[in-house]
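Take this structure, written in structure tokens, and hold onto it; I'll ask about it next.
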Amino acid sequence: MLRPPPAPLLPPAPPRSSPLPAPRAANPNTDPSPAPFSAARATPMGVAASWPRALGQRFNAGGVAAVVTVAASEPRLALPHVSVQDIRWLDWAELRRAGFRGVVFDKDNTLTAPYAPALWPLLAASFDQCRAAFPGAIALYSNSAGLKQYDPDGVDASTVEAAIDGVHVIRHDAKKPAGAAKEIESYFGCSASDLVLVGDRYFTDIVYGNRNGFLTVLTEPLSFAGESYIVKRVRKLEGYITNYWYKKGHRPIKHQLLPDVRRIVKFDPYEDSISPRT
């Protein structure tokens, strides 16, 4: 998928809407043939179903501005330190050993189906490992639950906290990629540079994370069910733009705690990547 310098980890990604290459190594955290997603798991949270919120989720003015700003000044802000298919590919214990103090997740299509409060079932084992490595130090920072524009009374945030044990939803004012990390840093009691940010969007999650000093991890979307046509098209555009930047020689920003990101990938799901670590 994406190649962080100097040593290649994953080949450049295809457009995000295309199928992923078949895994070479069996995934120890799930069945080899996951069951198809059930719409019953994606029951939307109450406020998320309203049309004003849905419209706001489809158009992110800050995200559009980020594309223009990043393209004109610093494309590497949109490039994650590492890309994986989903969180099952991450070695949480190794991240802890590297010196990171907590993990911040995006919600929709990173941990849950779009607008659903519950954890995507196949991620449960990996999320348990994350909780074990970072007890009491896991948060969710979303452009849906916890964002005061769409969740002013925090009902959706509380619903997610009740559905996913061990996660705290950060209540915040600014929509990613805008804003600083003050609410996150206040919750964790440390600098954002000591934290990992995991999300599925280049121009929201990754730009926000890199601007504020996080270690950034990009995952593939969990499900396109329930996601709007506009968002799907934007995903595809993001893939084309970032692949163009990689071809032009741009590379991710180095992170002081993890100069070699291969350390945190548990095994190789792609045919021409490095061999699994022993």
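The values are calculated or read from the model by the stated rules, or taken from the named source; none is laboratory data. In this text the structure is predicted, and so the values were computed from the model without any measurement. Methodologically, a virtual Cβ is constructed for each residue, glycine included, from the backbone with ideal geometry; neighbour enumeration extends over all protein chains shown. Heavy atoms of the whole protein, side chains included, go into the accessibility calculation; ligands, DNA and RNA do not. Shrake-Rupley method; radii C 1.70, N 1.55, O 1.52, S 1.80 Å.
Filter the stretch 90-132 down to the residues that are of a type in the set (Phe, Trp, Tyr) and open to solvent by 20 Å² or more (accessible area, probe 1.4 Å), then identify the one that is farthest from ILE264 (Cα to Cα).
TYR115
I'm checking my understanding of the structure. Among residues of the stretch 133-162 that are of a type in the set (A, V, I, L, M) and over 25 Å from ARG96 (Cβ atoms), which one is most open to solvent (accessible area, probe 1.4 Å)?
Within the stretch 133-162, the match that is most open to solvent (accessible area, probe 1.4 Å) is ALA162.
For the stretch 244-258, what are the residues that are in a loop (DSSP other than H, G, I, E, B) and open to solvent by less than 80 Å² (accessible area, probe 1.4 Å)?
Of everything in the stretch 244-258, those that are in a loop (DSSP other than H, G, I, E, B) and open to solvent by less than 80 Å² (accessible area, probe 1.4 Å) turn out to be GLY249, HIS250, PRO252, ILE253, HIS255, LEU257, LEU258.
Related question: Is it the case, given these coordinates, that ASP128 is among the acidic types (Asp, Glu), at pLDDT 95 or above and over 16 Å from LYS175 (Cβ atoms)?
yes
Now, a different point. May I ask you to list the residues in the stretch 180-227 that are open to solvent by 20 Å² or more (accessible area, probe 1.4 Å), farther than 22 Å from CYS130 by Cα, assigned to a helix (DSSP H, G or I) and touching a residue at least 40 places away in the same chain (Cβ under 8 Å)?
Listed by number, the list holds a single entry, ARG211.
Only one residue in GLY146, GLY166 is more than 30 Å from ARG251 (Cβ to Cβ), touching a Cys at 6+ places or on another chain (Cβ under 9 Å) and of a type outside the set (Lys, Arg), so which one is that?
GLY166
I would also like to ask the following. Take the conditions out of contact with any strand residue (DSSP E or B) (no Cβ under 6 Å at 6 or more places or on another chain) and open to solvent by 10 Å² or more (accessible area, probe 1.4 Å) and apply them to PRO177. Does it pass?
Judged against the criteria, PRO177 is not a match.
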